[in-house]
Amino acid sequence: MTTQYDKAKLFTDLHSPGKPLVLANVWDAASARLVAAAGAPAIASASASVCWTLGARDGGGLDRDRALAQTALITGAVDLPVTADLESGFAETAAGVGETVTALLATGAVGVNLEDGLDGGARELRPVAEAAERIAAARAAADAVGVALFVNARTDVFLRGVGEPESRLDAALARGLAYVEAGANGVFVPGTADPAVIAALAEALPVPLNVSGSATTPNVAELAALGVGRISLGPGLAEVAYAAVRRAAHEAYAEGTFGSLADGLTYPELNGLFRS
């Protein structure tokens, strides 16, 4: 069994600009086992996916205890490095973010995503200094227990459409650089698929750039050529899974047929993911 300290080093080493780490984000033990079996070198949760499976909305709808309990289920399901998406840290203050990170480390996780957007979906971000202070608190909490936690600082400038379009690249860079100064190991900039923007971010940031992967973004090889260090699928897998549930249920109730079930994994395949 690999130790948490070994996993932390491995996870950091997996981030290599130009040879990106691809993370197909999960939400429970079964999805973690399936992604691991597909050849993933590390496992990441997605906050939206975790929220939905627990019956909560993404963006402030879930409490810290339930989010961390779900993280513990994921870390317990795989012997791979696990990084958790903890939204903005489930805390009002920077000190509270530090407490969240301390609790996260107790689950065995070795990475965390912390975002600078405010809950509720408004086009508003925390002031840069405040967001940086929260990153610094996460870094300090990890350092206090001696785990080289990979702190991935997410800025939602593009995702939330903050400011005028022509100003967003500079704003995202300014925020990213401030977060790196505060102790972030990587910077996540979701919401843009523009190769020129991605290349500019990758070149200017002194840490690995994380971008989103979807049906409308460049593929892995193209993002690698742009200098990206990490690609996250976010809630994409959960969206596909729940679309399959809706499709099969609709067929059963509206058509009285069950053809969609032929596309699913079998009971033995799913049951075989677990030993007890």
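Values quoted throughout were computed directly from the atomic coordinates according to the rules given, and no laboratory measurement underlies them. Bear in mind the structure is a predicted one, so any value in this text is a computation, not a measurement. Ideal geometry is used to build each Cβ from the backbone, glycine not excepted, and the neighbour counts take in all protein chains shown.
A compact table of results
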{"item": "Under the Karplus curve 6.51 cos²θ - 1.76 cosθ + 1.60, θ = phi - 60°, whole-Hz ³J(HN,Hα) for the stretch 259-270, x wherever Gly or Pro sits", "result": "x, 5, 5, 5, 7, x, 5, 7, 4, x, 5, 6"}
{"item": "For His15, His250, order by how many other beta-carbon atoms lie within 10 Å, fewest first", "result": "His250, His15"}
{"item": "Relative contact order %, the chain, counting alpha carbon pairs below 8 Å whose residues are six or more apart", "result": "21"}
{"item": "Residue order, fewest to most surrounding Cβ atoms within 10 angstrom, among Glu130, Glu99", "result": "Glu130, Glu99"}
{"item": "Ranked Thr216, Thr155, Thr2, criterion: other C-beta atoms within 10 Å, fewest first", "result": "Thr216, Thr2, Thr155"}
{"item": "Burial order of peptide ranges 233-245, 188-200, 36-48 (average beta-carbon count within 10 Å, highest first)", "result": "36-48, 188-200, 233-245"}
{"item": "Positive-end residue of Thr100, Gly213, Val22, charge dipole of the stretch 4-235 with Cβ unit charges", "result": "Val22"}
{"item": "The stretch 1-146: relative contact order as a whole-number percent, Cα under 8 Å and 6+ apart", "result": "22"}
{"item": "GNM result for the chain, Cα springs below 10 Å: residue of Ala91, Ala178, Ala262 fluctuating most strongly", "result": "Ala262"}
{"item": "Computed over the stretch 153-276: relative contact order in percent, which uses C-alpha pairs under 8 Å that are six or more apart", "result": "17"}
{"item": "Rounded to 5, percent antiparallel among DSSP beta bridges of the stretch 4-235", "result": "5"}
{"item": "Three-way shape call for the stretch 55-108 based on the alpha-carbon gyration tensor, with the a/c threshold at 1.5", "result": "oblate"}
{"item": "Packing-based ranking, highest mean first, of 219-229, 108-118 given that Cβ atoms within 10 Å are counted", "result": "108-118, 219-229"}
{"item": "Given charges at beta-carbon only (K, R positive; D, E negative), |dipole| of the chain in Debye", "result": "460"}
